[in-house]
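A short reminder: the numbers here are calculations on the coordinates, not readings from a lab. Remember, it's a predicted structure, so these values are computed and weren't measured experimentally. Positions of Cβ are backbone-derived with ideal geometry, glycine not excepted, and every protein chain shown enters the neighbour counts.
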Amino acid sequence: MKNKKKIIISNRLPIQIERKKEKLIIKPSAGGLATGLNSAFDPTEILWVGWPGIVPKDDREKEKIIALLEPMNLLPVFLSKEEIRNFYEGYSNEVLWPICHYQPSYIHFDREYWSTYVTVNKKFCDAALSAQQSPDFIWVQDYQLMLLPQLLRQENQELNIGYFHHIPFPSEELFMNIPQRKELIEGLLGADLVGFHTFADSQNFLNACKKVLHVPCGHNQLKYRDRHIFVESFPMGIDYDKFAHTSSLPQVNAIATQFRSHFPDQKIIISVDRLDYSKGILERLRAFLTFLEKYPEWHSKVVLYMLIVPSRDKVSQYKKLKDEINRKVSEINSIYGNLSWTPVLYFYKSLPFEELIGLYVASDICMITSTRDGMNLVSKEYIASKTSSDGVLILSEFAGASKELVDALIVNPYNRAETAESIHHALRMPPDEIRERTEANRQIIQKFNVQHWVRLFLNRMAETKAIQRDEWARRISDKVFNSIAERYRQSHNRLFFLDYDGTLVKFQNHAQKASPTVLLYNLLDSIIADPLNTLVIISGRSQESLSSWFDGRSYYLVAEHGIWSNFPNFNWAYKKGLALHWMPEVKKLMEKLADQTPGAYIEAKPYSLAWHYRKVEQGLGELKAAELKEILNPMLNDYGLQLLDGNAVIEVKNTEVNKGKAALEIAGHIKADFLLAIGDDVTDEDLFKYLPRSTISIKVGSNKSAAKYYLDQQEDVLQFLNQLIIKS
């Protein structure tokens, strides 16, 4: 148990423990997660950590449970009844569950809930690390353990940690309602890879990170506490072969035949749900009632067979839901039922696996009307079971599965008329169309099965760790710095190219406020105090700005990405022959979008135009910038222009000039034996690419770059330069 290299952590262990007549009976779980993980790994390599589902009577029974589970490679985390009530029933299911399922009215906050949630997450952390201090990876599962990745990271920075969120992740507006939103986000960012079922959920999470922590996010990644964290979608599948094989068994077909015999002249619509307000059970019943009202010709020819698995029915919200379901079923049956026909057959129970597959095989339609679902595996189970028959899948657009199973009849469960029409469509669908839709969905489910899901996630975890290692190799460590300092000491003619905004000074909401400080002047003066050093500030800033700040000082200035320069005699000159006829048209387009975007403004330089959106609401700025790029792109070739997508700025200039060309021209005159270039955004990539390979090129930030090294943030640049000058 102590040497397992792969650790899975979930709220519940993949087993069920029952206490019968003082004996403990352990049954393996048939759940998709357990099946998928066990089929993807050698079981002897895995340790699964989680709650065993039972509260031991005493320490003796606790030790007995540990001994029983050890041969199964299961490590129990024991919880008291109070911890279960506050952690699982409380914070997990009365705060996180309703928020994530877009039902804020069901939220119940309690101070004890949060403190217990923290305590239990720490328990899971201690249990995992007691088993193995340096595993190959730790894979944390679901919303009950959102703090766990960061707790593990605090104990061991080198861990390879993945997290998968099995339920929806809400929009940032909803997530902001949680008092502990910051702690939850930081908890998940302890992972190297954070996974969701759908792209929309992954984007909601990234938006929440931007809103709560104010961290910049890329399309599928972000940087937090010196680590790159990847956020991606991995739609979970089922064990396709298991369902397909079971559906072909003689005993299962016998169950299906017997089931169908009860409805010889009727179409069967089946639905299978756990009792929960997110499953859209009442919405389904209302839509079925609307269908019966509109299409009386289907009376006595169709039944809705609803199987609802018991869940938390002693909780007031769930008890109320169960009562409402009972009333709605009774209403429909009392209005339309007769002695020979009951429109809705409703069973509140779970079925053995083979009986459930038999129902899938026998039914004509499967109807899923979730108002919000992370994935909904019933939809996939139904299609996988239709190996010798076909069936129509009606699927809610709010279930994650709808993003994959596009050949289902996709419905908005809140639109009862639309859903009723889909029932009618399904009942009248020609056999060839049913077969075509079923086969298309089956191919998706067969390929993207649960084993595929596990492989994809774990392969991406390995890739993520490799990317992080490469980043750390580019980072300027003490060893790298000492090597650079030694080259500096041994050199006789040194040339510095330093970007301005984001490199020498922090970005400001208003560009003109980013003026040099006394400390910066002192640093730059100390660089040029050494007669062996030549300093060039190379910036996208206007000539007027750089001139007002630095004229009269003994370092060279390059403005507007190379259009203006005071090299070699400290007199300003601009690059002649640049076309300007494009500027009025581009400025007009920029002004139009600036008028639509509060906080955006245009910086008109003599030879280039910049559209700034640093002061624009987060999200809106990026959206409008993308719109501007789309408008400008067709004009670039026509006018010979270059579009620079910088840090919260879109700049347009002539292609004849860039920082790289300007720097290379200066470097050709200086003939330096020590060449250093530092910059922070896309406009500095030309600088890194054009200069000789021997150049010590440094990017501010660890984003992908042509630079050899990187520093984490702007403040590190000043510290680096100070140390280089002082220590050398």
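Of Lys322/Lys349; Lys223/Lys708; Lys6/Lys465; Lys506/Lys699; Lys659/Lys708; Lys576/Lys629, which pairs sit farther than 22 Å apart, going by alpha carbon to alpha carbon?
Lys576/Lys629
Please get the size of the charge dipole for segment 6-233, origin at its Cα centre, with Cβ charges of +1 on Lys and Arg and -1 on Asp and Glu, quoted in debye to the nearest 20.
300 debye
Name the residue farthest towards the positive end of the dipole of the chain from the options Ala610, His581, Ser202, assuming +1 on Cβ of Lys and Arg, -1 on Cβ of Asp and Glu, about the Cα centre.
Ser202
Let me know the shape class of segment 6-233, please: from the alpha-carbon gyration tensor, a ≥ b ≥ c as square roots of the eigenvalues, rounded when a/c is under 1.5, otherwise prolate if a/b is greater than b/c, or oblate.
prolate
Take Thr119 and Leu532, extend 7 Å from each Cα along the Cα→Cβ direction, and tell me the distance between the two endpoints in nm.
6.4 nm
Pick out, in residue order, every one of the trypsin sites (Lys or Arg not before Pro) in segment 668-719 that is DSSP loop and has at most 14 other C-beta atoms within 10 Å; say none if there are none.
Lys671, Arg693, Lys704
Using R₀ = 35 Å, calculate the FRET efficiency as 1/(1 + (r/R₀)^6) where r is the Cβ-Cβ separation of Arg85 and Asn459; round to 0.05.
0.35
Test of understanding: what is the full-extension gain from Leu636 to Gln723, defined as 0.36 nm times their sequence separation minus their Cα-Cα distance?
27.0 nm
Whose amide H sits under 5 Å from the amide H of Trp51, counting only residues 5 or more places off or on another chain, with H placed in the peptide plane?
Close amide H contacts, sequence-distant or interchain: Arg12, Leu13, Val77.
With charges set only on the Cβ (+1 for Lys and Arg, -1 for Asp and Glu), what does the dipole of segment 538-692 come to about its Cα centre, in debye to the nearest 20?
I would put it at about 380 debye.
Report, to the nearest 10°, how far helix 199-213 tilts away from the longest principal axis of the Cα atoms in the chain, using its own Cα long axis and a range of 0 to 90°.
Once rounded, the angle reads 50 degrees.
Taking neighbour counts of Cβ atoms within 10 Å as a proxy for exposure, in what order, fewest first, do Arg12, Arg274 appear?
Arg274, Arg12
Can you tell me how much longer the chain between Thr517 and Thr44 gets when fully stretched, taken as 0.36 nm per residue apart minus their C-alpha distance, in nm with one decimal?
Working it through step by step, the gained length comes to 164.1 nm.
Subtract the Cα-Cα distance of Ser388 and Ala485 from 0.36 nm times their separation in residues, and report this length gain in nm to one decimal.
Extra length available between Ser388 and Ala485 comes to 27.6 nm.
Could you work out the longest stretch of the chain that avoids the GluC sites (Glu not before Pro) located in DSSP loops with at most 16 other Cβ atoms within 10 Å?
Maximal segment without exposed cleavage sites: 159-396.
Amide H to amide H under 5 Å from Ser697: which residues, 5+ apart in sequence or cross-chain, H placed 1.01 Å off N in plane?
For Ser697, the qualifying residues are Ala677, Lys708, Tyr709.
At 7 Å along the Cα-to-beta-carbon direction for both Glu627 and Asn156, put a label point, then send me their distance in nm to one decimal.
So the label points at Glu627 and Asn156 sit 5.0 nm apart.
Within a 10 angstrom radius of the beta carbon, how do Phe137, Phe78 rank from fewest other beta carbons to most?
Result, fewest neighbours first: Phe78, Phe137.
In percent, how large is the relative contact order of segment 6-233, given Cα pairs closer than 8 Å and 6 or more residues apart?
16 percent
Which of Asp684, Asp478, Asp712 comes first, and how do the rest follow, when ranked by fewest Cβ neighbours within 10 Å?
Least crowded to most crowded, the residues run Asp478, Asp712, Asp684.
Please identify the trypsin sites (Lys or Arg not before Pro) of segment 320-372 that satisfy two criteria: DSSP loop assignment and at most 16 other Cβ atoms within 10 Å. Which are they?
Counting only loop positions with at most 16 other Cβ atoms within 10 Å, the trypsin sites (Lys or Arg not before Pro) in segment 320-372 are Lys349.
I'd like to know which of Ser389, Leu675, Met236 lies farthest towards the positive end of the charge dipole of the chain, counting +1 on Cβ of Lys and Arg and -1 on Cβ of Asp and Glu.
Of the listed residues, the answer is Met236.
In debye to the nearest 20, how big a dipole does segment 240-447 give about its Cα centre with +1 on each Lys and Arg Cβ and -1 on each Asp and Glu Cβ?
The calculation lands at about 620 debye.
What angle do you read, to the nearest 10 degrees and between 0 and 90, between the alpha-carbon axis of helix 250-261 and the longest principal axis of the chain?
70 degrees
What is the P(r) of segment 240-447, as percent of Cα-Cα pairs per 5 Å bin from 0?
Once binned at 5 Å, the Cα pair distances of segment 240-447 give 1, 8, 16, 20, 22, 18, 10, 4, 1, 0.
Straight-line reach from Lys513: which lysines fall under 21 Å, measuring Cα to Cα and dropping same-chain residues less than 8 apart?
Correct list for Lys513: Lys605, Lys615.
Considering the options Gln154, Leu282, Leu718, tell which one lies farthest towards the positive end of the dipole of the chain, charges being +1 on Lys and Arg and -1 on Asp and Glu at the Cβ, about the Cα centre.
Gln154
Please determine, in degrees from 0 to 90 and to the nearest 10, the orientation of helix 583-596 with respect to the longest principal axis defined by the Cα atoms of the chain, where the helix direction is its Cα long axis.
It is inclined by approximately 40 degrees.
How far apart, in nm, are the 7 Å Cα→Cβ label points at Gln16 and Asn333?
2.6 nm
So which trypsin sites (Lys or Arg not before Pro) in segment 220-271 end up in coil per DSSP with only 15 or fewer other C-beta atoms within 10 Å?
Arg225
Among the lysines, select those whose C-alpha is under 22 Å from the C-alpha of Lys447, and discard any that sit fewer than 8 residues away in the same chain.
Lys242, Lys380, Lys386, Lys403
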